[in-house]
Amino acid sequence: MEWLALILVTMLVVAGVGVAAFFILRRLFDRAADRVADRIGSVLGDIGARAASTRAGQTAAAKARTVAGGYTHLGAYAAAHGISEDQARREFADSIERLAWLMDGAVRVPVIGPVGLDAVLGLFPVAGDVLSAAIAVSLIGRSLKYGVPHELIGRMLGNVLFDLILGSVPVAGDLADMWFRANTRNVALLRAYLDEQARDTFDTSATRVS
């Protein structure tokens with residue numbers, strides 16, 4: 001009986017150490033991933049800002065505004081649909097959150113956490129990762145309609161690019177990909193931006209009333 005007890009205690013210790021190591025590794029990964037993705041996003045944002053400041057970039061932006069009509073900025077979008085800017089902001093936030101939930105958090109797995117369609121697509125080498133990245137980029141494309149600044153778009157693209165790089169690593173990359181959740185990170189960035197815009201709108205309105 002003593003050896004059974006010893007085996008049981010050993011298994012419990014190993015399991016405890018394994019779980020602790022898992023969460024420590026995940027914490028270290030999150031910190032490193034944040035720094036790398038932010039750096040990639042910063043570089044992409046700078047490139048986008050420089051491209052937009054050129055004559056060709058300004059011409060392209062003007063053409064895009066003409067083609068998009070009332071859909072380029074949130075206020076114009078709201079006016080085109082006969083709704084308030086606050087309602088347009090909520091509808092946009094809800095739509096991107098639904099996409100992020102589908103891709104990153106539709107099912108909660110014990111220990112690992114929430115996973116979604118992105119994890120399933122990651123099981124298919126190359127094609128699955130490319131399709132997942134394309135869906136993530138479509139979220140960014142939807143954001144462009146609302147006049148999201150280049151710096152924020154760069155950070156979002158940085159998250160998608162880093163997620164794509166992670167997914168290209170066999171096995172370990174798939175697990176890291178589930179941890180990183182680029183779409184959820186991008187929605188958090190957009191949420192913060194929309195909340196800031198809402199506060200600015202409220203402050204401006206309050207100043208005019210006073």
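The values are calculated or read from the model by the stated rules, or taken from the named source; none is laboratory data. Given the structure is predicted, the values throughout are model-derived calculations rather than measurements. Note that we place each Cβ from the backbone using ideal geometry, even for glycine, and neighbour counts take in every protein chain shown.
In the stretch 103-126, the residues that are at negative phi and among the aromatic types (Phe, Trp, Tyr) reach residues that are surrounded by 13 or more Cβ atoms within 10 Å (Cβ to Cβ) and not in a strand (DSSP E or B) with C-beta atoms within less than 9 angstrom, at least six apart or across chains, in these pairs: PHE124/LEU131.
Somewhere in the stretch 123-137, is a residue of a type outside the set (Gly, Ala, Ser) and under 12 Å from the mean Cα position of the chain (by Cα)? Explain how you work it out, then say what you get.
Pass one, the stretch 123-137, residues of a type outside the set (Gly, Ala, Ser): 123-126, 129-131, 135, 137.
So of that shortlist, the ones also under 12 Å from the mean Cα position of the chain (by Cα) come out as 135, 137.
Looking through the stretch 123-137, at least one residue is of a type outside the set (Gly, Ala, Ser) and under 12 Å from the mean Cα position of the chain (by Cα).
Hey, any hits in the stretch 181-189 for a residue that's more than 24 Å from ALA51 (Cβ to Cβ), of a type in the set (A, V, I, L, M) and modelled with pLDDT of 80 or more? I'd like the intermediate steps shown before the answer.
Looking only at the stretch 181-189, we keep the residues that are more than 24 Å from ALA51 (Cβ to Cβ), and these are 181, 183-184, 187-188.
Okay, now just the ones that are also of a type in the set (A, V, I, L, M), so 187-188.
Filter once more, so that each one left must be modelled with pLDDT of 80 or more: 187-188.
Yes, the stretch 181-189 contains at least one residue that is more than 24 Å from ALA51 (Cβ to Cβ), of a type in the set (A, V, I, L, M) and modelled with pLDDT of 80 or more.
Residue under question is ARG142, and the condition is that it be basic (Lys, Arg), modelled with pLDDT under 85 and under 15 Å from the mean Cα position of the chain (by Cα); does it hold?
On the way: basic (Lys, Arg): yes; modelled with pLDDT under 85: yes; under 15 Å from the mean Cα position of the chain (by Cα): yes.
Yes.
Within the stretch 106-134, being outside any strand (DSSP E or B) and crowded, with 18+ Cβ neighbours inside 10 Å holds for GLY116, LEU117, ASP118, ALA119, LEU121, GLY122, GLY128, ASP129, SER132, ALA133. Regarding the stretch 101-123, can at least one residue be identified that is among the acidic types (Asp, Glu) and either modelled with pLDDT under 85 or touching a strand residue (DSSP E or B) at 6+ places or on another chain (Cβ under 6 Å) (or both)? No, the stretch 101-123 has no match at all.
Residue-wise test of (1) within 32 Å of the chain's Cα centre (by Cα); (2) acidic (Asp, Glu); (3) within 26 Å of PHE180 (Cα to Cα).
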| position | (1), (2), (3) |
| --- | --- |
| LEU8 | no, no, no |
| VAL13 | no, no, no |
| VAL19 | yes, no, yes |
| LEU25 | yes, no, yes |
| PHE29 | yes, no, yes |
| ARG35 | yes, no, yes |
| ARG39 | yes, no, yes |
| GLY45 | yes, no, yes |
| THR54 | yes, no, no |
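Cβ-Cβ distances below 9 Å connect the following pairs, each with a first residue in the stretch 30-56 that is free of Cβ contacts under 8 Å to residues at least 12 places away in the same chain, a second residue that is of a type in the set (A, V, I, L, M), and a separation of six or more residues or different chains: ALA51/ALA60.
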